[in-house]
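Reviewing the structure listed below.
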Amino acid sequence: MKKKYKISSQIRIFFFTICTIMIVSSCKKETTPSDYTKIITDGQMEAELTAPPKVPKPIGNRSAMKLKVNMEIKEQEGIMTDGVKYTYWTFGGSVPGSFIRTRVGDEVEFHLKNHPDNKLPHNIDLHAVTGPGGGASSSLVAPGHEKVFSFKVINPGLYVYHCATAPVGMHIANGMYGLILVEPEGGLPPVDKEYYVMQGDFYTQGEYGAKGLQPFDMNKAVKETPDYVVFNGKVGSLTNGNELTAKVGETVRLFVGNGGPNLVSSFHVIGEIFDNVHVEGGALINKNVQTTLIPAGGSAIVDFKVETPGNFIIVDHSIFRAFNKGALGILKVEGNENKKIYSGTIQEGIYLPEGGTIQNMPVVKTAKTAIPKRTIAEKIKIGKEIFGTTCFACHQSEGQGIPHAFPPLAKSDYLNADSKRAIKTILHGLSGEVTVNGEKFNSIMPAQNLSDDEIANVMTYIYNSWGNNKTEVTPEMVKSQR
Amino acid sequence: MRKSILIIILFLAQIPSINGQESRMVPIKEGTFVPLYGATAKKPVNVRSFYIDVYPITNSEYLSFIKKNPSFSKSKIKGIFADKSYLSYWKSDFDFGNANPKSPVANVSWFAAKKYCECQGKRLPTMDEWEYVAMADEKKIDARTKAEFNKYILSWYEKSKTYENPIGKTFQNYWGVYDMHGLVWEWTADFNSIFLSGESRKDKSQDKNLFCGAASVNATDLMDYAAFMRYAFRGSLKAQYSTRNLGFRCASTTKL
């Protein structure tokens with residue numbers, strides 16, 4: 001009896017060992033990556049390049065090819081936010097630079113052209129390149145010249161490219177970065193919509209919103225204190241009519257990059273959960289992710305299905321960047337509501353465990369610059385921009401507010417009755433019950449840290465929109481209420 | 001008669017450009033300074049006294065040079081001396097088209113610039129000489145630590161097409177020299193002696209005895225990013241290159 005048991009246990013151990021060996025060896029087989037360096041290219045084509053937020057057509061299952069990329073470097077003035085100009089250095093005329101789409105085994109013949117009117121030499125370091133400097137050592141190109149080099153893409157993934165000419169940080173800070181996608185064999189699984197979103201931090205001599213052409217500030221860059229943190233090169237690149245769009249039921253894939261130069265991004269879409277995330281742009285897929293970390297010089301591919309309509313706000317969840325420095329975009333989803341997934345508000349009243357004290361923003365003393373005389377039209381234009389970054393999240397794009405939570409500004413009797421009270425509300429905050437257009441609200445509005453000029457502009461915009469009484473608010477009026 | 005009038009007109013037209021103010025030189029006193037690159041162990045380099053042109057060479061000056069040396073004209077110049085963009089904005093061999101005669105000549109190769117200076121009995125300034133003169137503002141020999149001075153230089157990078165401006169409109173520096181900053185880049189005799197490879201982050205290998213450039217590791221002042229850009233620019237050039245933002249001026253060791 002005892003012996004029998006011993007034998008069977010030996011057999012068991014034997015089988016266990018065999019199984020283990022089989023599992024290990026089969027595992028080995030699966031994880032050994034294909035050697036993409038040996039893929040033979042078949043034919044030649046010109047790569048389609050797109051400016052953000054567009055991406056080129058999916059590769060699908062085409063065979064590896066010789067892919068010619070023609071990219072022009074342009075130093076050009078652009079708009080950082082309303083009234084603020086900045087001299088961007090660009091790959092292909094956009095920040096981030098043109099999106100490049102390849103598949104493993106492709107041989108990329110890269111033509112880097114430095115526009116003759118440019119002042120500076122540039123080069124390109126593509127993280128998808130296996131070679132010295134990621135191509136930078138072969139691509140330093142003087143203005144009015146062209147450099148050609150080629151490389152084989154041998155690792156699937158989403159990779160950052162950027163300029164690596166001295167001073168490197170400055171070239172990146174001025175917008176010289178973009179994404180190159182290397183699709184696996186057979187391509188990525190098809191989705192309905194694909195977009196290109198890339199974060200970057202910008203350092204200007206004036207503080208956020210200071211008007212005019214703003215030069216780059218190396219001191220702030222070294223200290224890593226950006227004035228702007230934005231998607232796709234500027235404030236409002238994905239809002240104010242530039243929203244990304246999708247329809248209920250569609251799948252959306254975002255190719256997300258972070259050009260830096262300094263900050264890492266806590267990438268998040270408010271009201272969505274990423275079904276799949278290619279962590280760090282590589283082959284590892286994580287599922288059901290709320291916020292994914294994207295390092296400077298790194299990326300992520302995220303995809304998700306949109307089940308309900310509405311505006312889904314894209315942010316860096318290092319959240320002050322979103323609401324105070326510009327890292328805010330919108331995915332606008334249209335279609336029928338799905339009450340099973342999201343009911344809309346069904347509860348009334350607000351629970352305030354901290355009590356009703358007014359929250360204060362720290363007041364930063366900044367050098368006062370003279371406020372220029374502005375026409376109403378200018379005020380409205382500037383005010384709209386401020387509204388978009390400061391007020392819009394609560395009061396909504398058309399000032400409609402959110403029922404039971406945030407009062408409407410559109411055709412608001414509360415607002416139109418007393419402009420002094422409205423100014424005070426922005427300056428000092430407001431808490432407790434108010435009645436607006438017959439509906440009671442009991443929430444907290446924190447005091448806003450805006451300048452007299454900014455408050456005058458945003459209020460003039462609000463008063464001149466959505467059926468309000470067209471009051472013009474001046475900086476002096478704001479000052480007298482401080 | 002008509003011919004002689006034409007000759008007189010041509011002659012009159014050329015007087016101010018050939019022997020006028022433009023080719024004037026000023027003396028630069030001997031001195032030492034620590035350049036961003038090239039000074040081993042951050043020791044200062046010595047710059048012996050020399051003379052330098054007050055202004056960069058203009059289109060009209062260059063035209064008269066070409067008339068005397070047609071082998072350096074747009075169509076005749078040998079391929080090894082200049083690439084295809086040589087004088088690309090000129091209309092033809094002896095016509096700079098719509099360009100301002102008083103604007104700096106650009107799209108000139110190093111070989112052509114060198115030849116030009118030699119024909120005047122001069123030479124191109126060395127990089128140390130050029131940087132030495134360029135570190136002066138209106139009042140100080142070395143203004144590199146002044147924030148305003150650096151701001152001025154950097155603001156130039158944000159202005160486009162400054163090559164269309166005439167010479168002498170920027171500030172006159174301590175030495176009486178104009179346009180070191182704010183107009184065009186300028187060739188120097190040894191523009192490629194500091195070698196920033198295209199990959200500026202790795203230029204720290206110690207085996208480059210001649211090429212001691214390193215975009216960050218070996219630089220004397222990491223915040224002098226205006227100078228970084230000048231060195232990077234020079235590093236991107238080859239002697240036959242010519243670009244729209246690049247001109248030159250001449251220097252001389254002795255008084256001419």
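Here chain A carries DSSP beta bridges of which approximately 70% are antiparallel, counting only pairs with both residues inside.
Give, in nm to one decimal, the length gained when the segment between A:THR471 and A:GLU207 is fully stretched (0.36 nm per residue of separation minus the Cα-Cα distance). The partial results should precede the final answer.
Numbers: separation 264, 0.36 × 264 = 95.04 nm, distance 2.83 nm.
The A:THR471-A:GLU207 span can extend by a further 92.2 nm.
To the nearest 10, the accessible area of A:ARG62 is 50 Å² with a 1.4 Å probe.
Using the rule -39500 (n - 2.57) for each DSSP H run of four or more residues, divided by the residues of the protein assembly as shown, the 222 nm mean residue ellipticity is -6500 deg cm²/dmol. Among A:HIS278, A:HIS404, the order of accessible area from largest down is A:HIS404, A:HIS278, computed with a 1.4 Å probe on protein heavy atoms. Pairs with C-alpha atoms separated by more than 30 Å, drawn from the list A:LYS193/B:LYS161; A:LYS234/B:LYS161; A:LYS220/A:LYS332; A:LYS332/A:LYS381; A:LYS66/A:LYS332, are A:LYS193/B:LYS161; A:LYS220/A:LYS332; A:LYS66/A:LYS332.
Taking a probe of 1.4 Å, how large is the accessible area per residue of chain A, in Å²?
On the way: 22990 Å² over 482 residues.
I get 48 Å² per residue for this part.
Of the residues in the range A:128-168, those shielded by at least 20 Å² of accessible area once partner protein chains are present, compared with the chain alone at a 1.4 Å probe, are A:GLY133, A:SER137, A:LEU140, A:ALA142, A:PRO143, A:HIS145, A:LYS147, A:ALA164, A:ALA166, A:PRO167, A:VAL168. Sorting the segments A:39-51, A:109-121 by their residues' average number of neighbouring beta-carbon atoms within 10 angstrom, most packed first, yields A:109-121, A:39-51. Stretching the chain fully between A:VAL148 and A:LEU284 yields a gain of 45.7 nm (0.36 nm per residue, less the alpha carbon separation). Applying 1/(1 + (r/R0)^6) with r as the Cβ-Cβ distance of A:GLU307 and A:SER480 and R0 = 51 angstrom yields a FRET efficiency of 0.55. Across the range B:121-137, the residues whose backbone nitrogen lies under 11 Å from the label position 7 Å along the beta-carbon direction of B:ASN69 are B:121-124. Taking only the Cα atoms of the protein assembly as shown, the radius of gyration and Dmax are 31.8, 137 Å. Per residue, the convex hull around the alpha carbon atoms of the range A:211-319 comes to 111 Å³.
With every protein chain in place and a 1.4 angstrom probe, the accessible-area ranking of A:SER397, A:SER480, B:SER109, largest first, reads A:SER480, A:SER397, B:SER109.
Once the Cβ-Cβ distance of A:ILE444 and A:ASN242 is raised to the sixth power relative to R0 = 22 Å, the FRET efficiency obtained is 0.10.
Please identify the GluC sites (Glu not before Pro) of the range B:118-166 that satisfy two criteria: DSSP loop assignment and at most 14 other Cβ atoms within 10 Å. Which are they?
On the way: sites: B:GLU118, B:GLU129, B:GLU131, B:GLU138, B:GLU148, B:GLU158, B:GLU164; in loops: B:GLU138, B:GLU158.
Loop-located and lightly packed - B:GLU138.
For the range A:184-265, count the residues as N, evaluate 2.2 N^0.38 Å, and divide the Cα radius of gyration by that value, please. Walk me through the numbers on the way to the answer.
On the way: Rg = 16.6 Å, N = 82, 2.2 N^0.38 = 11.7 Å.
Output field value: 1.41.
Span-like helix check, chain A: qualifying full DSSP H segments, with Cα axial length of 27 Å or more and mean Kyte-Doolittle of 0.0 or more, are A:2-31. This model, with +1 at the C-beta of Lys and Arg and -1 at the C-beta of Asp and Glu, gives chain A a dipole about its Cα centre of some 1240 debye.
At the nearest 100 Å², what buried accessible area, both sides summed, do you get for A and B when the probe is 1.4 Å? For A against B, buried area totals roughly 2600 Å². With R₀ fixed at 60 Å, the C-beta to C-beta distance from A:ILE341 to B:PHE171 puts the FRET efficiency at about 0.35.
If you count, for each residue, the other Cβ atoms within 10 Å and average over each peptide, how do A:287-300, A:466-479, B:68-81 line up from highest to lowest? Intermediate results must be reported in sequence, preceding the final value.
On the way: A:287-300: 18.1, A:466-479: 15.7, B:68-81: 13.9.
Output ranking for A:287-300, A:466-479, B:68-81: A:287-300, A:466-479, B:68-81.
Could you sort B:TYR89, B:TYR225, A:TYR196 by accessible area so the largest value comes first, with the probe set to 1.4 Å?
Values: B:TYR89 50, B:TYR225 20, A:TYR196 0 Å².
Accessible-area ranking of B:TYR89, B:TYR225, A:TYR196, largest first: B:TYR89, B:TYR225, A:TYR196.
The values are calculated or read from the model by the stated rules, or taken from the named source; none is laboratory data. Predicted model, so just to flag it, every value in this text is computed and none were measured. Cβ: placed from backbone, ideal geometry, glycine included. Neighbour counts: every protein chain shown. Each accessible area value is taken on the protein alone, full model and side chains, heavy atoms only, with ligands, DNA and RNA left out. Shrake-Rupley method; radii C 1.70, N 1.55, O 1.52, S 1.80 Å.
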